[in-house]
Structures are given as C-alpha cells and as structure tokens.
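Reviewing the structure listed below.
The values are calculated or read from the model by the stated rules, or taken from the named source; none is laboratory data. Since the structure is predicted, the reported quantities are computational estimates derived from the model, not experimental observations. FYI the Cβ positions are ideal-geometry reconstructions off the backbone, even for glycines, and counts take in every protein chain you see. When the accessible area is computed, the model is the full protein with side chains, heavy atoms only, and any ligands, DNA or RNA have been set aside. Shrake-Rupley method; radii C 1.70, N 1.55, O 1.52, S 1.80 Å.
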Amino acid sequence: MIDNNTHLQFLFNIGEKKPNSIDNSSTICPFCNTKNLTDILDREDSIILLKNKYPTLDNTLQTVIIETDDCDGNMSTYSKQYMRKLIQFGVKHWLNMENNGEFKSVVFFKNHGPYSGGTIKHPHMQIVGLKNIDYKESLKDEFFEGTVIHESDGALINLSSKPRVGFTEFNIIITDMKHVDTMADYVQIAVHFILNNFSASCGSFNLFFYHWKDNFICKAIPRYVTSPLFVGYSIPQVSNRMDKVIEKMQQLYFNGEKPLGN
Ligand SMILES: [Zn+2]
C-alpha cells in the first residue's frame, strides 16, 4: 500500500513521454519554443510561469518558471536587477500557492546540471503544490544553522554546520519579505561560487526554498553523486574545510569583510 502522506507517487506513464535535454542534446528544447507553450499562468518579460506539461507526481500541482529566453544562460550571469526580479516573481507565486488553501505544503526549488536531478537544461525553477505531504514535518532548526559568512540589510548567508545531506550547504535566510532583494543577491553569489570557485568539477547544484517558522530560507547545495552513507543510513557528512570555504567566499564577494562576532 502507498502512504500518500509520506511518499509522492511517480507516474511512469507520463515520465516516459518527457523530453530529456540533459542526456540527449538533440532533443528540441520545449522552453525555447515559447509559441507552443500552453497553460501559461503569468509572465513578466521573458520570465514565464506555466503548468508543467508532464506532471509526473500524483496529488500535486506542478508548475515551472522559465527564467529567461536564453537556453544557455544561467543564474550566475544574470544582472543583479534581473536576478532580483526573478526571485521576487518566484517567491510571490510560491507564497500565493501556499496561501490559496489547496495544498498541505508547497515546495519551490531549482535543479541545475546532471547531478541535480534535472532533465531540461534551459534555466528554470519549479513550484509544486503537495496535496497530502507537509515538507515541514521532516525539517529541523539545525538544518539551517551555521557559520555566518555575511549579513546585511535583514538577510544573512551561512554555511551549514549540520548539513541535511552532506558537506556544503549554504543557507540564505530572511525573516521579512521586504528583504527579498538581498536574498536574491546572496543566492546569486552562492550559485556563482558553486559553479566557478568551489571545485573544478562542480557543474550541478540545487536551490531549495523553505518557509520555516518565521523565516524564508533558500538552501543552495553543490551536487555530486549522493554519498552511500546518506542513501543507506541517513548519516550526513560535514567537511573539515569549512573555514577555507567561508574565507574564500568572504574574499571573493565581500571584500574580505567578516561579520561581527565571527
Ligand atoms: Zn531552451
């Protein structure tokens, strides 16, 4: 028997039809072909929110945000203004779905690169309303605790001291939506760091947004093959080079500034 309150049911009959432009570069990109898009819910310039054409998860509403009309673009190279506009747009729709009363909880996330779980290369994010599952039930405060790398204007970015899955997890935290632009700036810095300055081989990351207690949190995670110790035993790992990561980030993005008290 399937427990709908703990497990999402994946619909293989729909999954089989879904194009995969990460594994197969000859697949025509469905997000470039904007004339053929259907079920568009909102748009702002080249940012488009629409229903997922291949809703593979039962008891959900799956939506997609196409971030840009540039198929080869990526979040780390958007202008600061564009990145802010994108995150404002995404967060607005995420919270609207949360408030409409149809879902037990709503997840907002992004996959980028082959190890992220993504199947379409064109830059996009996803907002998924879950009818039966509350993602908050498995959260703990400690997933978002860490050493502060930088803080300004009601927002902070830290490096997890007790990561949820393992190694490096950046948390960007605000308590009031009026600071969402600073959140966007920090998210872009985390993504830029992961793709360019973290490890030569890291081309994959995820972003996960959480509405946790009075906080709005974005977790940015570089992705590799998941550790077997986590898959088999749920034992997360933490890096012994955290100080180096923090220092490098402070030097590269914050003029070497360290937050008070660190
Ligand atoms: Zn495309």
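The listed peptides 192-202, 214-224, 4-14, ordered by packing as a protection proxy, come out as 214-224, 192-202, 4-14 (highest mean of other Cβ atoms within 10 Å first).
Simple spin-label estimate for S138 and N33 gives 3.5 nm between the two label positions (7 Å along the Cα-to-Cβ direction from each Cα). For H124, the residues whose amide H sits under 5 Å from its own are E67, ignoring neighbours fewer than 5 places away on the same chain, with H placed 1.01 Å from N. What ³J(HN,Hα) values, in whole Hz, does the Karplus curve 6.51 cos²θ - 1.76 cosθ + 1.60 give for the stretch 81-88 when θ = phi - 60°, with x put for Gly and Pro? Each residue's phi maps through the Karplus curve to give 5, 5, 4, 5, 4, 5, 5, 4 Hz.
Positive contributions from Lys and Arg (+1) and negative ones from Asp and Glu (-1), summed over other residues with Cβ under 14 Å from the Cβ of H150, come out at -3. Between S160, N5, S116, the Cα set farthest toward the positive side of the dipole of the chain (charges on each charged residue's Cβ, about the Cα centre) is that of S116.
Descending by average beta-carbon neighbour count within 10 Å, the peptides 231-242, 168-179 line up as 168-179, 231-242, the highest first. Based on a Kirkwood Rh over C-alpha pairs, give the Stokes-Einstein translational diffusion coefficient of the stretch 56-161 at 37 °C and viscosity 0.692 mPa s in µm²/s. D, rounded to a whole number, is 207 µm²/s.
Going by a 4.7 Å Cβ-Cβ cut-off, which cysteines of the chain have no partner at all? That list is C71, C202, C218. Take the stretch 146-225, drop everything but the C-alpha atoms, weight them equally and run the Debye formula without solvent; then report log10 I(q)/I(0) at 0.15, 0.16, 0.21, 0.22 Å⁻¹ to two decimals. Rounded to two decimals, the profile gives -0.48, -0.55, -0.93, -1.01.
Accessible surface of the stretch 117-262, 1.4 Å probe: 51 percent of it comes from carbon and sulfur atoms. Peptides 120-126, 30-36, 67-73 ranked from most to least packed give 120-126, 67-73, 30-36, packing being the mean of other C-beta atoms within 10 angstrom over each peptide's residues. Computed 3J(HN,Hα) for the stretch 169-176, one whole-Hz value per residue from the Karplus formula 6.51 cos²θ - 1.76 cosθ + 1.60 where θ = phi - 60°, is 9, 8, 10, 10, 10, 10, 10, 9, glycine and proline marked x.
Put simply, the amide H of L57, placed in the peptide plane, has neighbours under 5 Å in L11, leaving out anything fewer than 5 places away on its chain.
Applying the Karplus relation 6.51 cos²θ - 1.76 cosθ + 1.60 with θ = phi - 60° to the stretch 203-215 yields 3J(HN,Hα) values of x, 10, 8, 10, 10, 10, 9, 10, 9, 10, 6, 9, 10 Hz, where x marks Gly and Pro. Under a Cβ-only charge scheme (Lys and Arg +1, Asp and Glu -1), can you give me the dipole magnitude of the stretch 122-194 about the Cα centre, in debye to the nearest 20? With Lys and Arg at +1 and Asp and Glu at -1, about 280 debye. Taking one quarter of the surface of the C-alpha convex hull of the chain gives a mean projected area of 14.7 nm². For N132, nonlocal amide neighbours, meaning residues 5 or more places apart or on other chains whose placed amide H falls under 5 Å from its own, are K104.
Dividing the helix sum by the residues of the chain, where each DSSP H run of 4 or more adds -39500 (n - 2.57), gives a mean residue ellipticity at 222 nm of -6500 deg cm²/dmol. For N132, neighbours were defined as the other residues whose beta-carbon sits under 14 Å from its Cβ, and their charges (Lys and Arg +1, Asp and Glu -1) total -2. Taking every protein chain into account, the 1.4 Å probe leaves R164 with about 80 Å² of accessible area, to the nearest ten. Solvent-accessible surface of the chain, averaged per residue with a 1.4 angstrom probe and all protein chains in place: 52 square angstrom.
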